[in-house]
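The values are calculated or read from the model by the stated rules, or taken from the named source; none is laboratory data. Keep in mind that what you see is a predicted model, and the values were worked out from it rather than measured. Don't worry about glycine lacking a Cβ; one is built from the backbone with ideal geometry, like all the others, and counts go over all protein chains shown. Keep in mind that these areas ignore ligands, DNA and RNA; they rest on the heavy atoms of the full protein, side chains included. Shrake-Rupley method; radii C 1.70, N 1.55, O 1.52, S 1.80 Å.
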Amino acid sequence: MNNIPFLIKRFYIINQILNPKAIRGNHAHKTLNQIIFCIYGSFRLHLDDGRKKRAILIKDLSKGIYLKKKVWHSMTNFSKDCAILVVADNYYDEHDYIRDYNQFLKFVKK
């Protein structure tokens, strides 16, 4: 994993998403950086830095998306066989999460 720009301190897998209308994520991090890999199937990743929004179809298991801090993100449109690997540069800390979109906009405009 020579291309990951940080020391991995945590990883987790998201899979078995049975509801085709599920939305995962819907938050941002104050300091955490992550890389998201779709290791099986596909999903749509929605990104918002407070100025610009974009959506990316993730289906190439050989490439990860570098999700930097201060980016609101959500995941939708999961294929039935979707499996996602997330690696992070720090351990879980609930205080690092911004779960309210309006608070996120205030945070990034500081």
Evaluated at q = 0.20, 0.27, 0.31 Å⁻¹: base-10 log I(q)/I(0), Debye formula over Cα of the range 57-110:
-0.96, -1.24, -1.36
Potential extension, residue 105-residue 3 segment - 0.36 nm per residue separation minus Cα distance
33.7 nm
Can you tell me the dipole magnitude for the chain around its Cα centre, using point charges on the Cβ only (Lys, Arg +1; Asp, Glu -1), in Debye to the nearest 20?
460
Taking only the Cα atoms of the range 22-61, how large is their convex hull per residue, in Å³?
87
Once you place label points 7 Å from the Cα toward the Cβ at residue 11 and residue 96, how far apart are they in nm?
1.7
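Suppose R0 equals 22 Å. What FRET efficiency, 1/(1 + (r/R0)^6) with r the Cβ-Cβ distance, do residue 55 and residue 23 give to the nearest 0.05? Walk me through the intermediate numbers first.
On the way: r = 13 Å, r/R0 = 0.57.
The pair residue 55/residue 23 has a calculated efficiency of 0.95.
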Sort 39-50, 60-71 by the packing proxy (mean of other Cβ within 10 Å over each peptide's residues), most packed first.
39-50, 60-71
Over the Cα atoms of the chain, what is the Rg over Rh ratio if Rh follows Kirkwood?
0.95
Taking Cα pairs under 8 Å and at least six residues apart, what relative contact order does the chain come out at, in percent?
41
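Which of the residue pairs 21/52; 80/106; 21/69; 21/68 have a Cα-Cα distance greater than 31 Å in the structure shown? Please report the intermediate quantities before stating the final value.
Working: 21/52 24 Å; 80/106 36 Å; 21/69 26 Å; 21/68 26 Å.
Cα-Cα > 31 Å for 80/106; rest within.
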Taking all protein chains as present, what is the carbon and sulfur share of the accessible area of the chain, in % to the nearest whole number, probe 1.4 Å?
52
Qualifying aspartates and glutamates (Cα of each under 16 Å from Cα of residue 70; at least 8 residues distant if same chain):
48, 49, 89, 93, 94, 96, 100
